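Every read-out reported here was derived from the displayed coordinates using simple, explicitly stated rules and does not represent laboratory data. The structure presented is a predicted model; accordingly, all values stated were derived computationally and were not measured. So basically every Cβ, Gly included, is an ideal-geometry build from the backbone, and we count neighbours across all protein chains shown.
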Amino acid sequence: MKTQNAFLESSFCSHLINKRRNGFLMAYFVLLILAVIFLFGCSASKIKKSSDSNINLGSIIKPNEPLAIMPFESQDALSNLGSLISDEVAVNLLENVPEMKIIPTTITRSFLLTQNMPSDGIPDFHSIHSIKEGLKCRYLLTGNFYSSIGTVQYSETYSNRVASGSVTVRLIDCDSATVIWAKHVQDSYQTTDYYAKGTIQTSFYTEGQLTQELIKRLGEAIAAYFYQNE
């Protein structure tokens, strides 16, 4: 009889332990599912938030909020190619967004030089504050330009010369001295050269002309973000 009771007590305890263990596993499983749902929910929220970056910059910059354009920085300190791109951006903005108040590169450069501050590159907090007060602008556009020209030889009779370039452009809110928008824009322009017996016979563009066409494309692409949805 005692053996039977002990067996029944042991069976009951085992059943109780298994029941608690199963309950614990079920609770753990439920918590795991909730955690996964929470993580996916956070990811979905981030994706939705990032989609808000597909905006028309022209809707942010009001007509009474001037935009100053700095000369874009070039990889060659002695080159003016960065300034040529920022000038191209200004021209495109004036053509397509005539209501926007643009302070062109020449004025921004002259102001920075009179203040003994770097006239290109990424301005520091002091420079941003000085530009805001001196030029009465709300926004500042800066950029860095990199370019190269290479040759792709297809045969003994012809090859392509390719001008490639990229610009990292940033829009700065001068009130908060923060970058509110940035974009990496890249493009290329190419021409074909024809050879005969190893000597070039026909060439349609010089390297300077190739670079100029590249700058035109990059300037148009950057300006388009201000009046077209991304």
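Could you work out the relative contact order of segment 57-224? I mean the mean sequence separation of Cα pairs under 8 Å and 6+ apart, divided by the number of residues, in percent.
It rounds to 22 percent for segment 57-224.
Take the alpha carbon atoms of segment 67-133, find their center, do the same for segment 188-212, and report the distance between the two centers in whole angstrom.
Cα centres, segment 67-133 to segment 188-212: 32 Å.
Counting other Cβ atoms within 10 Å, keep those with at most 15, restrict to DSSP loop, and tell me which chymotrypsin sites (Phe, Trp or Tyr not before Pro) in segment 126-167 are left.
Here the sparse-neighbourhood loop sites are Y154.
What residues have an amide H closer than 5 Å to that of W181, excluding those fewer than 5 places away on the same chain, when H is modeled at 1.01 Å from N in the peptide plane?
Counting only residues 5 or more places away or on other chains, the set is L171.
When we measure straight from the Cα of K101, which aspartates and glutamates land under 20 angstrom away, once same-chain ones fewer than 8 places off are left out?
Once the sequence-local aspartates and glutamates are set aside, what remains near K101 is E65, D87, E88, E133, D173, D175, E220.
For the pair S79/I60, report the inter-label distance in nm, with labels modelled 7 Å from Cα in the Cβ direction.
2.8
How about segment 92-199: which GluC sites (Glu not before Pro) there are in a DSSP loop, with at most 11 other Cβ atoms within 10 Å of their Cβ?
Within segment 92-199, the qualifying GluC sites (Glu not before Pro) (loop, at most 11 other Cβ atoms within 10 Å) are E99, E156.
Mind sorting I102, I180 by how few other Cβ atoms lie within 10 Å of their own Cβ, fewest first?
The fewest-first ordering by Cβ neighbours comes to I180, I102.
Only loop residues by DSSP count here, and only those with at most 10 other Cβ atoms within 10 Å; note down the trypsin sites (Lys or Arg not before Pro) in segment 152-228 that meet that.
K197
Check which residues have an amide H placed less than 5 Å from K101's amide H, if you skip close sequence neighbours.
The answer is E65, L67.
Given a Förster distance of 25 angstrom, what is the FRET efficiency for V91 paired with T192, based on the Cβ-Cβ distance and rounded to 0.05?
0.30
Just to verify a number: FRET efficiency for L113 and N160, C-beta to C-beta distance, R0 = 30 Å, to 0.05?
So the FRET efficiency works out to roughly 0.15.
Excluding Q201 itself, what net charge comes from residues whose Cβ is under 14 Å from its Cβ, given Lys and Arg +1 and Asp and Glu -1?
With Lys, Arg at +1 and Asp, Glu at -1, the net is -1.
Counting other beta carbons within 10 Å of each residue's own, what order do F125, F111, F204, F72 fall into, fewest first?
F125, F204, F111, F72
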